[in-house]
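S.K.: Please see the structure below; I have some questions.
The values are calculated or read from the model by the stated rules, or taken from the named source; none is laboratory data. Keep in mind that this is a model prediction, so the values were computed, not measured. Please note: Cβ atoms are built from the backbone with ideal geometry, for glycine as well, and neighbour counts cover all protein chains shown.
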Amino acid sequence: MKMNNIELPAEQTPEFSSVDETSLIVVIFDSNPGQKLLRDNPHILTHCLDSIIAFSNSHLMQKAQNKLAVMACHSKKSEFIFPGSGKPLDVRQIDGQYETFTLVEKTIKQNLAKHLAGESPMLNTESLLAGAIAMALCYIARLQRSKSPGCMLNSRILVVTGSSDSAMQYMNYMNVFFTAQKQNVVIDVCALDQHLSLLQQGCDITGGLYLKIPQLQGLLQYLLWVFLPEPPIRQKLVLPPPAKVDYRAACFCHRELIDIGYVCSVCLSIFCKFSPICTTCHTVFKIPPLAVKAKKKKIKL
Amino acid sequence: MDEDDPKEYRWETGYEKTWEAIKEDDEGFLEASIADIIQRAKRKRQSKKVYGTKLGMMRHLYVILDCSESMSSQDLKPTRLICSLKLLEGFMEEFFDQNPISQIGVIIMHNKRAEKIMNLAGNARKHIKSLKNLNKTTLVGEPSLQNGLEMALKSLKSLPTHASREILIIMGSLTTCDPSDINSTIESLKKEGIRCSVIGLAAEVYICKLLADKTGGVYNVILDDSHFKDLLYQQIDPPPAACGQESNLIKMGFPHQMAVEGTEEPLTMCMCHVDSIDEGSKLTTGGYYCPQCYSKYCELPVECRACGLTLVSAPHLARSYHHLFPAMNYKEFAYENQAEICSGCQKQFTENEKEVYKCPNCNNYFCIDCDIFVHETLHTCPGCATNSSTFQLTQTG
Ligand SMILES: [Zn+2]
Ligand SMILES: [Zn+2]
Ligand SMILES: [Zn+2]
């Protein structure tokens, strides 16, 4: 099963000559029924799911040794819905469909149904995407540990979500972004409904792509066009230009973006104005630096 | 820190206990047991970390490297110097990763003199480059510990008092040749609150021990190269804020990339390369602009050369937050079918599982590999972070 859809000069792509190279995608699908998109129109869930299944199968089709995992992310729990725990489903070939594809589709749909059934009726809580990414990183770390020596495993995480990202998860987001960067895991984000400024920073830090899709109808096209090519190939393709990332700090006091602020020298908390005590570590500061503006210079003897 | 060299942790578990732990597994192989010992040592080290203490995050560290004749000894491969330089390269990278707005300077000691190789600065790449150049240093004469310390002291003294100030000495020689009484130097270091640690490459030296004791540092003599690496890397974790160090709120700028919708950015000159000899100033589009005076820089963090504002990006600061908000330590339990799979990596627990690890916050069970990965690298518990009732809880909070 090989698809030679992109022909590239051999000398520029030495990393693709090896057969022992495996590409793993962990898709994190935000299926939280509390997100606005799904509250307004529950049918969208099936549409998104079908697109993700088609995308997943396209990835598996590209190379026989490619690997796939799919997670469902909610506010109380995130779960692997593919491969999923327990025995793989028993599938027979239907209508000449490649069995793996049937297996992917059936497993995902069955496990997601189970996952949704376990959801509490509380609908207004945010999807904990940072946590799902943390689980994905543990999963990827295990595959890295257990792969046979001499094998290359290139891993990436694709987040598909209609939620917004909130500063409540700020620490967890930063921790997973820096870990992904350290482990060479690329984070791609496909935003279905709202602009996600924190996740966009994650894409920038890990070298992934961020795309807020203009219309939901075309989801599958966007997935296949933008997110299916492996990161090294992307440079050769015409993709949407990277957006400027806003790296301004959010102050701890009001969660507002600031370009000049005050940082606690003990714990590095950020505040938008001078305050005599740090609310994070309770350190008491001396008089504002403005009052002693004329800095005393030490005179050399 | 990621290489799993079995001999790396031998001294930690202690030789006398090692043989007890080595048991043949079902197939009669020993590898599994050895891997087990390494993992246990890692866990032990993790659980010993004390949390909740205040940390000196804006660290200013001088590395004083012995470049005397004794460094040509081949008891470390290929030589003491080359081995030290190689380890220091990795150290610098890891140091800046964990202490993002800190600075390192480098001083060498040879022929009774001290020489400053690198002023205090915060750019790992430049440091590594200057370390590479030290390869060809001629190793001559005796070191002068006092001259090295005085040079570092002079530079550290002029720093603002809120900064944490440290010296790390790598000493191959067993003697030092000093111009006057070194005890007075040690006294001034103590008075300034400068923490001095020493890594000895040969044998214990009284004056080094005294220096470390008096200034609140640590003194160790290495056993072999991997022990050397371990001692060096222990210096990466920020030390508890030195006593008497003043706390301050520091004004900082968070530049964002220019984003004027629909306009092409003009070519402009950056301030970082204005007087760099080997790279030269470049005209570039993009870059980071000081929000106070609009000078442009191509890299962060940096102290604005025009107005003195410290410029950082918010994620730079966030890299250090895990020291303040660490993930809770997991508790070890004998495996009695508490869970079917590891809540992190999804590994199926089997009959062969000896222990599992439980998070006291979210009550999920994890395998030993995930326990180590979560506390050493990730710093976020995947169980806690996926549940809205636990995702904001941390050890200190
Ligand atoms: Zn503070
Ligand atoms: Zn695990
Ligand atoms: Zn937990």
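S.K.: Say whether the condition of being part of a loop (DSSP other than H, G, I, E, B) and away from chain A (no Cβ under 11 Å) is met by at least one residue in the range B:314-329. Can you show your working first?
M.R.: Taking the range B:314-329 first, the residues part of a loop (DSSP other than H, G, I, E, B) are B:319-320, B:325-329.
Next cut, away from chain A (no Cβ under 11 Å) only: B:328-329.
Checking the range B:314-329: at least one residue is part of a loop (DSSP other than H, G, I, E, B) and away from chain A (no Cβ under 11 Å).
S.K.: If you scan the range A:144-175, which residues turn out to be surrounded by fewer than 17 Cβ atoms within 10 Å (Cβ to Cβ) and either charged (D, E, K, R) or over 28 Å from A:Tyr247 (Cα atoms) (or both)?
M.R.: A:Gln144, A:Arg145, A:Ser146, A:Lys147, A:Ser148, A:Pro149, A:Gly150, A:Cys151, A:Met152
S.K.: Separate question: Among B:Thr377, B:Thr350, which is among the β-branched types (Val, Ile, Thr), closer than 25 Å to B:Ala318 by Cα and more than 9 Å from ligand 3 (Cβ to nearest atom)?
M.R.: On the way: B:Thr350 fails: closer than 25 Å to B:Ala318 by Cα.
Criteria check complete, one pass: B:Thr377.
S.K.: How many residues does the range A:51-79 hold that are away from chain B (no Cβ under 12 Å) and within 14 Å of A:Leu192 (Cβ to Cβ)?
M.R.: 3
S.K.: So, in the range B:348-380, exactly how many residues are touching a helix residue (DSSP H, G or I) at 6+ places or on another chain (Cβ under 6 Å) and under 25 Å from A:Gln183 (Cα atoms)? Can you show your working first?
M.R.: Start the filter on the range B:348-380 by keeping residues that are touching a helix residue (DSSP H, G or I) at 6+ places or on another chain (Cβ under 6 Å), which leaves B:357, B:359, B:361-362, B:364, B:368, B:370, B:372-373, B:375, B:377-380.
Now drop any that are not under 25 Å from A:Gln183 (Cα atoms), which leaves B:357, B:359, B:364, B:368, B:370, B:372-373, B:375, B:377-380.
Qualifying residue count, the range B:348-380: 12.
S.K.: Turning to a different aspect of this structure: What number of residues within the range B:353-374 satisfy the criterion of being assigned to a loop (DSSP other than H, G, I, E, B) and within 11 Å of ligand 3 (Cβ to nearest atom)? Steps first, answer last, please.
M.R.: Pass one, the range B:353-374, residues assigned to a loop (DSSP other than H, G, I, E, B): B:353-354, B:359-364, B:367.
After this cut, where a residue has to be within 11 Å of ligand 3 (Cβ to nearest atom) as well, the list is B:359-364.
Looking only at that region, the number is 6.
S.K.: Another question, if that's okay. Among strands (runs of 3 or more DSSP E) lying entirely in the range A:183-279, which contain 3 or more residues that are closer than 30 Å to A:Thr22 by Cα and in the same structural domain as A:Gln144 (by TED's automatic domain parsing)? Working first, answer last.
M.R.: Numbers: elements: A:186-191, A:210-212, A:260-264.
Here the list reads A:186-191, A:210-212.
S.K.: Looking at this structure, is A:Leu216 more than 12 Å from chain B (Cβ to nearest Cβ), touching a Leu at 6+ places or on another chain (Cβ under 9 Å) and at pLDDT below 90?
M.R.: Values: more than 12 Å from chain B (Cβ to nearest Cβ): yes; touching a Leu at 6+ places or on another chain (Cβ under 9 Å): yes; at pLDDT below 90: no.
No.
S.K.: Filter the range A:224-282 for residues that are within 30 Å of A:Ser56 (Cβ to Cβ) and touching an Asp or Glu at 6+ places or on another chain (Cβ under 7 Å); which is nearest to ligand 1 (Cβ to nearest atom)? Full working, then the answer.
M.R.: Start the filter on the range A:224-282 by keeping residues that are within 30 Å of A:Ser56 (Cβ to Cβ), which leaves A:224-243, A:245.
Filter once more, so that each one left must be touching an Asp or Glu at 6+ places or on another chain (Cβ under 7 Å): A:227, A:232, A:245.
Working: A:Phe227: 40, A:Pro232: 42, A:Val245: 26 Å.
So, considering only residues that are within 30 Å of A:Ser56 (Cβ to Cβ) and touching an Asp or Glu at 6+ places or on another chain (Cβ under 7 Å), the one nearest to ligand 1 (Cβ to nearest atom) is A:Val245.
S.K.: Give all pairs with beta carbons closer than 7 Å in which a residue from the range B:339-358 that is of a type in the set (Lys, Arg) meets a residue that is not in a strand (DSSP E or B); count only pairs at least 6 apart in sequence or on separate chains.
M.R.: Taking only residues 6 or more apart or on different chains, the pairs are B:Lys347/A:Arg142; B:Lys347/B:Cys367; B:Lys354/B:Tyr335; B:Lys358/B:Tyr330.
S.K.: Cβ-Cβ under 7 Å, sequence separation 6+ or interchain: first residue in the range B:377-390 and more than 7 Å from chain A (Cβ to nearest Cβ), partner small (Gly, Ala, Ser). Which pairs?
M.R.: Filtered contacts from the range B:377-390: B:Cys381/B:Ala327; B:Gly383/B:Ser343.
S.K.: All but one of (1) under 16 Å from the mean Cα position of the chain (by Cα); (2) surrounded by fewer than 21 Cβ atoms within 10 Å (Cβ to Cβ); (3) part of a helix (DSSP H, G or I) hold for B:Asp213; which doesn't?
M.R.: The number of the failed condition is (1).
S.K.: For the structure I just gave you, tell me whether B:Asn361 is away from chain A (no Cβ under 12 Å), away from ligand 1 (no atom under 16 Å from the Cβ), of a type in the set (S, T, N, Q) and without any contact (Cβ under 8 Å) to a residue 60 or more places away in the chain. Walk me through how you get there before you give the answer.
M.R.: Values: away from chain A (no Cβ under 12 Å): yes; away from ligand 1 (no atom under 16 Å from the Cβ): yes; of a type in the set (S, T, N, Q): yes; without any contact (Cβ under 8 Å) to a residue 60 or more places away in the chain: yes.
Here the answer is yes, as B:Asn361 does meet what is asked.
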